[in-house]
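Visitor: What follows is a structure written as structure tokens; I'll ask about it next.
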Amino acid sequence: GPSGAGGAAASPAGDSPFAGMFAGDQQALRERHRAAKVRRVAEEANRLREQGNMSHRVGDYAAAEQHYSAALSLDSTSAPLFLNRAAARLMLEEYTTALEDCEKALAIQPNSGKAFIRASRCKQMLGDFDGAEELLKQGAEAVSTSSEKDDIEAQRRCLSQTLRIVRDIEQCLHVDLEGTTEGRRALRLLDDVERQKQLPTSMLRPLRLRAILQSREPSPTGASGSGRVTEAQRLVEQLMLDRPMGIARTELLFWKASAFLLAGDRARAKVTFREVAAAESEDSPERSVCPAAAAALARLTDADSAKDRGNVFFKD
């Protein structure tokens, strides 16, 4: 019989030549959206990186650090971005966080010469010279290009030279702060090291204070006023406030008394020398300042007695 007015029966949906077409379009559309989003994020991270580079070039390291951080919030897998932020943080003297960035860069790119060099620099400025040298040794073994090996070797030579200068400075400086010629040589060496930014502030301050006090130089040659006196007093105040590890209270007080003496305040110098001389030594025997304080107090007392006798003589 006839099949009916509708003709042949409709095919099942699965047999349709259009089946799945729209589902595939949806999938492709999602993929395109994802790719576009990834591209936009990458473009924004690159824009922020360029802004950071521009800020770094003009010396605005705080702005550079902010731009690199913003870029890293979009792309935390970029070793160059971590190294760029480490460079900015080095200039801001944020050595601990700069070191963390170098370590993250090395986790991503274990053979990065820049990461080893900057990490070593962070260790150096944190006062960990052994750690700085060890990182450079590891870097020399990890890198593959000759140029990176040369850069690491140059940094090793720079570190070795800095350590030699520090040893020279320490040999010039004495516990009793005697020896003006050696004190002035130590000051010249410290000026060179400071210009090159090769030592952490925590190490520079006590060395510089000792050099100023031992040099007995109230101000730099050719300078007016009492620049060295003011600097010595400022350094003493900072060190008394910070109480650095490895420096005993008696040593800080001895430096404070010597700063009073450099400023011409003999009365306060005597009071402070007396406090040190009477103290139980907190220093190791080879670094005890108590005998030096007692000797300085005796010299001041003798000089004041001689002055009093002279005044009596002229009065009579």
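Visitor: Leaving ligands, DNA and RNA out of it, report the carbon-plus-sulfur percent of the accessible area of the stretch 68-131 at a 1.4 Å probe.
Guide: Carbon and sulfur: 50 percent of the exposed surface of the stretch 68-131.
Visitor: Grab the Cα-Cα distance for MET54 and ALA107, subtract it from 0.36 nm times how many residues apart they are, and report the gain in nm with one decimal.
Guide: Extending this stretch completely gives an extra 16.4 nm.
Visitor: What is the spin-label model distance, in nm, from GLN171 to ARG188 if the labels are put 7 Å beyond Cα along the C-beta direction?
Guide: Using points 7 Å along Cα→Cβ, the separation is 1.5 nm.
Visitor: Further, regarding this structure: Enumerate the aspartates and glutamates that LYS197 could reach by cross-link, defined here as Cα to Cα under 13 Å, with residues fewer than 8 away along the same chain left out.
Guide: GLU93
Visitor: Provide the FRET efficiency to the nearest 0.05 for the GLU134-ALA303 pair, computing r from the beta carbons and using R0 = 51 Å.
Guide: 0.45
Visitor: Take the eigenvalues of the Cα gyration tensor for the stretch 35-109, scale each by 5, and report the square roots as semi-axes in whole Å, largest first.
Guide: Over the Cα atoms of the stretch 35-109, the semi-axes work out to 21, 16, 7 Å.
Visitor: Modelling each spin label as a point 7 Å along the Cα-to-Cβ direction, I'd like the ASP242/ARG195 distance in nm, to one decimal.
Guide: 2.3 nm
Visitor: So between ALA70 and GLN27, what do we pick up on full extension, going 0.36 nm a residue minus the alpha carbon distance?
Guide: Using 0.36 nm per residue and subtracting the Cα-Cα distance, I get 12.3 nm.
Visitor: Just grab the label-to-label distance for ARG39 and GLU93, each label 7 Å out from Cα along the Cβ direction, in nm (one decimal).
Guide: 4.7 nm
Visitor: Would you please put 31-41, 150-160 in order of how densely packed they are, using the mean number of other Cβ atoms within 10 angstrom per residue and starting with the highest?
Guide: 150-160, 31-41
Visitor: Using 0.36 nm per residue, how much length does the chain from SER202 to ASP150 gain when fully extended, once their Cα-Cα distance is taken away?
Guide: 15.7 nm
Visitor: How large is ³J(HN,Hα) for each residue in the stretch 115-132, as worked out from phi by the Karplus curve 6.51 cos²θ - 1.76 cosθ + 1.60 (θ = phi - 60°), to whole Hz, x for Gly and Pro?
Guide: Result, ordered by residue: 5, 5, 5, 6, 5, 4, 4, 4, 4, 4, 6, 8, x, 9, 6, 5, x, 5 Hz.
Visitor: Would you mind getting me the FRET efficiency between ARG47 and THR77? Use the beta-carbon distance for r and R0 = 25 Å, nearest 0.05.
Guide: 0.90
The values are calculated or read from the model by the stated rules, or taken from the named source; none is laboratory data. Note that the coordinates shown come from a computational prediction; the quantities given were computed from them, not determined experimentally. Backbone-built Cβ (ideal geometry, glycine too); neighbour counts: all protein chains shown. Keep in mind that these areas ignore ligands, DNA and RNA; they rest on the heavy atoms of the full protein, side chains included. Shrake-Rupley method; radii C 1.70, N 1.55, O 1.52, S 1.80 Å.
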